[in-house]
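A quick write-up on the structure given underneath.
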Amino acid sequence: MGSTSGEHNKNTTFGGVGRRDLIKRSAALGLLSVPTMSFLSACASSGGDDGGDKAKAGKKTAKNPLGVNDTAQMEFVLFDGGFGKEYAQDAVKLYEKDFPKAKVKFSSTQKIGTVLQPRFNQGNPPDLIDNSGAEQMDMGVLVGKKQLADLTPLLDAPSYDDPNKKVRDTLRPGIVEMGQFDGDPVWIMYYAYTVYGVFYSQKALDSLDEKYPETWDEMLKVCAKAKKKGMAGWTYAGKYPYYIPFSLYPMIGKVGGRDVLDAIDNLEPNAWKHPAVKACFEAYYELYQKGYILKGTPGLDHIQSQTAWAKGKALFIPNGNWVENESANVIPADFNLAVSAPSGLDSSDKLPFGTIWASGGEPFVVPAKAKNPEGGMEQLRIMLSEASSKNFTAKVKSLTALNGGTTGVDLTPGLKSGVAALEKAGSNVLNPRLQDWYVKLQKEQIGVSAIGEMMAGRLTPAEAIKKIQGFADAAAADTSIKHYKHK
């Protein structure tokens, strides 16, 4: 997730799902030119109230299945980013309506780590946190230090709309699994749902008299046609090249099967040397070799590359569906934004065209030492209702973790295209976990030092793969970091 400007200007931060989970901790890795390491000393005094006893749980009833204490205060801290505050404030009003004697203390900040890390250290965290943005606290560390509550009670509670359905049965594919780090407990509820892929203007593609290319030969043909008309085939966030995997990783999964991505996530020896990885790296390298990448792309950040693309300087850009909101001020009215799953290689691919990466974003957590954990979970249960989900989608142009929740909502072109892409994918939805499990490896080492260098022509695919395998092997051997594996 990374940007010099995006994460610190709420008018330009629309990372749903995934980008802020990706971008998040870039500052700590030296990828963001913002001060973060001094935040603990500088802001330790910004903690909340002094620590106190946990609120006594209330009586569990049909209307109060989690046993919320109806007079206890519930504190909710939201990341103040591209999704804004309104959707959360609306959900808070529903909590206050259900528990009129309870006081909700709601606040929002862009400096999640600065404000909240001291409170975790003091044993006095809020009851519900949207742990997102450039200063997102490291999930692996929070889980490893047992600082988060297990959300299984929420998942097993009746859903807000239908008492006969558990909350877990109303969620999109992969949401529950994404919240797991080491087996069964679920530590995180990802509220937004992001579709990653290749974004383009349907109008621009139509002007070339072409359809979205399903194979790589077709992709090269479309890019050649675009070049003749003075338009580059591709651009991307050159300063943050871990955007490239948004289409490259699902292409690897399509070509070689899910097991290839699982092996990569599991840091298995030689996982990066799989023929599917080699073939896909070589395919992307062709874009550079044939001059199909917008000149100057390696020097662009995400906003600059998206702006060039929106202005018609490049046809395709790898991204997530937050790009519609993030680029709303530069995308022309007749752009007709569309997203597609990545092109494959050819008919020998293991998975069909339409195989896509989609996963949760906007991670909400209930701290283990929250005073009112039942209240925090109940607020999430309300947010996962159809009414709250529709409200979010209508206001911020993004899907939620609720499977559905779009009926009657006037979907924007990009969102409509994202929903269609998910329908086309069916069960062929991939969810690489490297970006959650090993942030430094994914963003700094694989993204910047290898893929970024390859796409700028400074490494060959073989050299990039060798470098990445070395990084992965080093991470696997590093006993100071917690290792995770697919079940």
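The values are calculated or read from the model by the stated rules, or taken from the named source; none is laboratory data. Keep in mind that what you see is a predicted model, and the values were worked out from it rather than measured. Because the Cβ atoms are built from the backbone with ideal geometry, glycine has one as well, and the counts that use them run over all protein chains shown.
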Within region 445-465, is even one residue among the charged types (D, E, K, R), assigned by TED's automatic domain parsing to the domain that holds G253 and part of a helix (DSSP H, G or I)?
yes
Can you pull out every residue in region 423-456 that is buried (at least 21 other Cβ atoms within 10 Å of the Cβ), without any contact (Cβ under 8 Å) to a residue 40 or more places away in the chain and within 21 Å of the chain's Cα centre (by Cα)?
L441, Q445
Criterion first (free of Cβ contacts under 8 Å to residues at least 12 places away in the same chain, out of contact with any strand residue (DSSP E or B) (no Cβ under 8 Å at 6 or more places or on another chain) and over 16 Å from L78 (Cα atoms)) does E374 satisfy it?
no
Residues I264, I293: which one is of a type outside the set (D, E), crowded, with 17+ Cβ neighbours inside 10 Å, touching a residue at least 24 places away in the same chain (Cβ under 8 Å) and farther than 19 Å from C223 by Cα?
I264
Return yes or no: is A55 surrounded by fewer than 20 Cβ atoms within 10 Å (Cβ to Cβ) and either more than 25 Å from A368 (Cβ to Cβ) or modelled with pLDDT under 95 (or both)?
no
Filter region 235-265 for residues that are modelled with pLDDT of 95 or more and of a type in the set (D, E, K, R); the one that is nearest to the chain's Cα centre (by Cα) is D265
Could you tell me whether region 180-188 includes any residue that is touching a strand residue (DSSP E or B) at 6+ places or on another chain (Cβ under 7 Å) and assigned by TED's automatic domain parsing to the domain that holds A368?
yes
Here are F335, F353, F392: which of them is not acidic (D, E) and not assigned by TED's automatic domain parsing to the domain that holds P250?
F392
How many residues, within region 224-282, are within 15 Å of I446 (Cα to Cα), in contact with a Pro (Cβ under 6 Å, 6 or more places away or on another chain) and among the aliphatic types (A, V, I, L, M)?
2
Helices (runs of 4 or more DSSP H) enclosed by region 273-372 - at least 1 residues per element that are hydroxyl-bearing (S, T, Y):
275-289, 302-310
Which residues, taken from region 82-129, are acidic (D, E) and surrounded by fewer than 24 Cβ atoms within 10 Å (Cβ to Cβ)?
E86, D90, E96, D98
Of all residues in region 112-151, which are under 23 Å from K440 (Cβ atoms) and in a loop (DSSP other than H, G, I, E, B)?
N131, S132, G133, A134, E135, Q136, M137, D138, K145, K146, Q147
The lone exception for L459 - which of (1) in contact with an Asp or Glu (Cβ under 7 Å, 6 or more places away or on another chain); (2) touching a residue at least 40 places away in the same chain (Cβ under 8 Å) it fails
(2)
At least 3 residues that are under 20 Å from the mean Cα position of the chain (by Cα) and crowded, with 17+ Cβ neighbours inside 10 Å in each: list the helices (runs of 4 or more DSSP H) lying fully within region 152-222 that qualify.
175-178
Restricting attention to region 465-487, report how many residues are farther than 18 Å from A263 by Cβ and either in contact (Cβ under 8 Å) with a residue 60 or more places away in the chain or crowded, with 21+ Cβ neighbours inside 10 Å (or both).
2
Only residues that are farther than 30 Å from K390 by Cα, touching a residue at least 60 places away in the same chain (Cβ under 8 Å) and of a type in the set (G, A, S): list them for region 192-225, please.
A204, A224
When you scan region 267-286, do you find a residue that is modelled with pLDDT of 95 or more, polar (S, T, N, Q) and surrounded by 19 or more Cβ atoms within 10 Å (Cβ to Cβ), even just one?
no
Which residue pairs have Cβ atoms under 7 Å apart, sit 6 or more places apart or on different chains, and have a first residue in region 167-182 that is more than 16 Å from D156 (Cβ to Cβ) and a second that is of a type in the set (S, T, Y)?
R172/Y193; G174/S359; M178/Y190; M178/S359; F181/Y484; D182/Y484
Hits in region 345-390 - residues which are touching an Asp or Glu at 6+ places or on another chain (Cβ under 7 Å) and over 24 Å from Y87 (Cβ atoms)
F353, K371
